[in-house]
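All of the numbers you see were taken from the coordinates with simple rules; none came from a lab. For clarity, every value in this text was computed on a predicted model and none was experimentally measured. Neighbour counts are summed over all protein chains in view; Cβ atoms, including those assigned to glycine, are modelled from backbone coordinates with ideal geometry.
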Amino acid sequence: MNAAGKKHVAVREPSTRVAAETVAIVGLGYVGIPVAAAAREKGFTVLGYDVDQGKVARIATGVFPFRDAEVETAFRAFPLEATSDARRLADADTVIVAVPTPVDHDSRPDFSPLRTAVETVALHAKPGVLLSIESTVNPGVCEEMLVPLLRSRGRDPDGGNVLLVHCPERVNPGDTRWTIRTIPRVLGGYTDEAAERGLSFYTRLLDASVKRMSSLRAAEAVKMVENAFRDVNIAFVNELAQSFDRLKIDVAEVLDGASTKPFAFLAHFPGCGVGGHCIPVDPHYLIEHALARGFEHRFLKLAREINQAMPRYTVEKLQAVLAASGVQKNGEGVHGVRVALLGLAYKRDVNDLRESPALEVEKILRAEGAVVTAFDPYVPERSSVATLDEALQQAEAIVLATDHTVFRQLMPDDLAGTPVRVIVDGRNCLDHEAFRKARYAITGIGR
């Protein structure tokens, strides 16, 4: 019986019962690897599956695929068996699908990785398997796309041949407090049986509560809303920053003042752009899904336009301060200027380049004739030089695009003896007063 509309349990607390079943993780990336490590640590037998044979081979030799100290520690302590042989999925009692759900060059959802993954599970998993979709999807995908796909492969979610649930992933790379195990989750099931089985599994996997939603669609919508919320609020402060630049008001000071209100205000902060696989991507799924049903999300579209334009605005700020400081004449832009681009990853102290605005800043700078030296200590393979000192020694100007700890600690003395005269603080993380006192021309986003 379909669970839509049924009264549901509000919250299920974590269980201390020892796990004794096999879990397969389909998609060994930024979500799949942490889930696999958590499951191994909790005592599940875990099998990792990925179509990328090179990745599987690297995991087999103990090579951790990305930088996250806490997850890597668990990965080392509880080695993962990985395979590209889909037939091994028949060993699993539970299969978690954690493949990417990207957008194409026109910002339209690309469901092909998800469809391929679910079809693979349908062809190889045992009868009665719990199938959990953790990949982010818009409302309706599970019921309108995945259920028909399962049925076309002889899997009937109504008859218990496969128990379908959606438990959208929540991962915050580099966060040691809110980890894959400690972040509360939501879950929706296609049937009551599926939802109960899913709750039983996740309360044993996690050290956090799991809230059961009334339907798959409600669970799907939760992830859309939480990421659209952040995108809209970041767009708001990015627009304020552009306005306040013209009004000669420091947006950082204003936000700090607004934060003294103990209710009804949640600070978000402007910057050179929004990155990662969630915030810049997920709103497009909701926008396109609603548009196909006759509703236009004007607010979400505008937020996306504002945030996507921030790398360009950052370069414009560099052009302005170069002209104001006399490094360049008006109209010369950034052509020929030696720029140290500090940071390539999308967030602090990780090596994740997905949708990173720093890459767009780099692209614009190069296209307009700047001589760019890129440096990111977490992404050495994409850096132009090996050290921060090398980057600074080659630069007249700095654009700080990622607030890595090593960059946040920069002070005027660190630039002594370098040709640097101009700084654009794209993350508003430097001590602007100290740099101005040392006669550097420094600006930020809204500062």
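Listing LYS126, LYS42, LYS248, LYS317 from the residue with the fewest other Cβ atoms within 10 Å to the one with the most, what is the order?
Working: LYS126 14, LYS42 18, LYS248 6, LYS317 23.
Going from least to most buried by this count: LYS248, LYS126, LYS42, LYS317.
Multiply the residue gap between HIS335 and LYS363 by 0.36 nm, knock off their C-alpha separation, and tell me the result in nm, one decimal place.
Numbers: separation 28, 0.36 × 28 = 10.08 nm, distance 1.34 nm.
That pair, HIS335 and LYS363, stretches by 8.7 nm at full extension.
Name the shape class, rounded, prolate or oblate, that the alpha-carbon gyration tensor gives for the stretch 338-399, where a ≥ b ≥ c are the square roots of its eigenvalues, rounded holds for a/c under 1.5, and otherwise prolate holds if a/b is larger than b/c and oblate otherwise.
Here the stretch 338-399 falls in the oblate category.
Which residues does a label at LEU302 reach in the stretch 227-259, if reach means a backbone N under 18 Å from a point 7 Å past the Cα toward the Cβ?
Flagged as within label range: 228-244.
Would you give the gap between the C-alpha center of the stretch 41-81 and the C-alpha center of the stretch 166-221, rounded to a whole Å?
About 22 Å separates the Cα centre of the stretch 41-81 from the one of the stretch 166-221.
Can you list residues from other chains, or at least 5 along the same chain, whose modelled amide H is less than 5 Å from the amide H of ALA340?
Distant-sequence amide H within range of ALA340: THR373, GLU396, ALA397, ILE398, VAL399.
How large is ³J(HN,Hα) for each residue in the stretch 341-349, as worked out from phi by the Karplus curve 6.51 cos²θ - 1.76 cosθ + 1.60 (θ = phi - 60°), to whole Hz, x for Gly and Pro?
Along the stretch 341-349, the couplings run 8, 9, x, 10, 5, 7, 8, 5, 6 Hz.
Using only the Cα atoms of the stretch 245-325, build the gyration tensor, take square roots of its eigenvalues as a ≥ b ≥ c, and label the shape rounded, prolate or oblate: rounded if a/c is under 1.5, else prolate if a/b is larger than b/c, else oblate.
It is oblate, given that a/c is not under 1.5 and a/b is not larger than b/c.
What ranking do MET213, MET310 get, fewest neighbouring Cβ atoms within 10 angstrom at the top?
MET213, MET310
Please figure out what share of the DSSP beta bridges in the chain is antiparallel and state it in percent, rounded to the nearest 5.
Details: 5 of 46 bridges.
DSSP beta bridges in the chain are roughly 10 percent antiparallel.
In nm, what is the difference between 0.36 nm times the number of residues separating ALA386 and ARG439 and their Cα-Cα distance?
The ALA386-ARG439 span can extend by a further 16.3 nm.
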